[in-house]
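Here the structure comes first, spelled out in structure tokens, and everything after it is commentary.
The values are calculated or read from the model by the stated rules, or taken from the named source; none is laboratory data. In this text, all values refer to a predicted model and were calculated from it rather than measured experimentally. Using ideal geometry, Cβ is built from the backbone for each residue, glycine included, and neighbour counts are taken over all protein chains shown.
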Amino acid sequence: MDQLSLLWELQKYDEELNQLIDKVKKAETAKNIEEFELKLNQLEYDICNFKTKVDVDNEKIRRHSKKVDEFNFRLKDIEEKLYSGDITDLNQIQHMNKEIKNLKDLIEELEFEMLALMEDIENIKVKLIDLENDYKTYRQKLDSAKDQRSKNIKELTDLIKEKEELRNEFMKQIDEVLIQKYKAIKARKVKALVKISDDKCTGCHMNIPLTIVSKLKKNDDIYYCDNCDRILLYVKKQ
């Protein structure tokens, strides 16, 4: 295989390697994984908030229950004194009846709030079950997506290694000066080596002098496009 043909194959390997490297980069920043992670973070936030709400409500119930016990104790004490017959002062009796009513109202209010809090807790627990199930589902999806990503990246990196080994074999057969020129052009252009089509450079679409085209048809010498400096390759029509 002549130098230009080897260089053409080298360029094909470089293009394939670039495509594979791009695929690895895309795999490393998989959008679905990012979406799953965002969803899990939101679910963790919601679950944490709901659990905190349950803890706060339970603490309110505990405090209310303690107050109810205190009020019941006071209520029992007042009722025992009132009904003992020892209290005969009418104003004192009226005051004690009023205090009994206030205590009963407070107890009823606290018990109503406790029932509302318990109902709220039950509703939150139902929501928590749904959220935790969603969390498990998205965690499985995330783990599966990460496993698939790792598998894809490994397959791609193995293929890259294989392509690089073949590319290195081609490079050994190409003149070092030509390799350096190829690399210099590749640093500026997407393609360093381009075909001639209808006597035009397919890199910049400028006409190639007929003398150059004629020489390329006859031998395998290296010629460059005067306009874009790419290496020219003439392919004989089948």
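Scanning the stretch 21-72 for residues that are at pLDDT 95 or above, among the aliphatic types (A, V, I, L, M) and surrounded by 15 or more Cβ atoms within 10 Å (Cβ to Cβ) yields 40, 43, 47, 54, 61, 68.
Residues in the stretch 202-213 that are surrounded by fewer than 14 Cβ atoms within 10 Å (Cβ to Cβ) and among the aliphatic types (A, V, I, L, M) were compared, and the one that is farthest from residue 8 (Cα to Cα) is 210. Within the stretch 117-142, the residues that satisfy the criterion of being under 17 Å from the mean Cα position of the chain (by Cα) and without any contact (Cβ under 8 Å) to a residue 60 or more places away in the chain are 136, 137, 140.
Can we say residue 161 is in a helix (DSSP H, G or I) and either out of contact with any Cys (no Cβ under 8 Å at 6 or more places or on another chain) or within 30 Å of residue 229 (Cβ to Cβ) (or both)? When the stated conditions are applied, residue 161 passes them.
Is at least one residue of the stretch 216-227 of a type outside the set (Val, Ile, Thr), at pLDDT 90 or above and touching a Gly at 6+ places or on another chain (Cβ under 8 Å)? Yes, because at least one residue in the stretch 216-227 is of a type outside the set (Val, Ile, Thr), at pLDDT 90 or above and touching a Gly at 6+ places or on another chain (Cβ under 8 Å). Filter the stretch 180-201 down to the residues that are surrounded by 17 or more Cβ atoms within 10 Å (Cβ to Cβ) and under 21 Å from residue 19 (Cα atoms) and list them by number. Across the stretch 180-201, the qualifying residues are 182, 185, 192, 193, 194. In this structure, residue 194 does satisfy being within 42 Å of the chain's Cα centre (by Cα) and at pLDDT 90 or above.
Scanning the stretch 143-163 finds one or more residues that are within 45 Å of the chain's Cα centre (by Cα), aliphatic (A, V, I, L, M), closer than 16 Å to residue 12 by Cβ and in the same structural domain as residue 30 (by TED's automatic domain parsing).
Remark: pairs (first residue in the stretch 102-116, touching a residue at least 40 places away in the same chain (Cβ under 8 Å); second residue part of a helix (DSSP H, G or I) and among the hydrophobic types (A, V, I, L, M, F, W, C); Cβ separation under 9 Å; 6+ apart in sequence or on different chains) = 110/68; 110/71; 111/68; 113/61; 114/61; 114/68.
Of all the residues that make up the stretch 205-238, how many are in contact (Cβ under 8 Å) with a residue 12 or more places away in the chain, within 18 Å of residue 181 (Cα to Cα) and under 49 Å from the mean Cα position of the chain (by Cα)?
9
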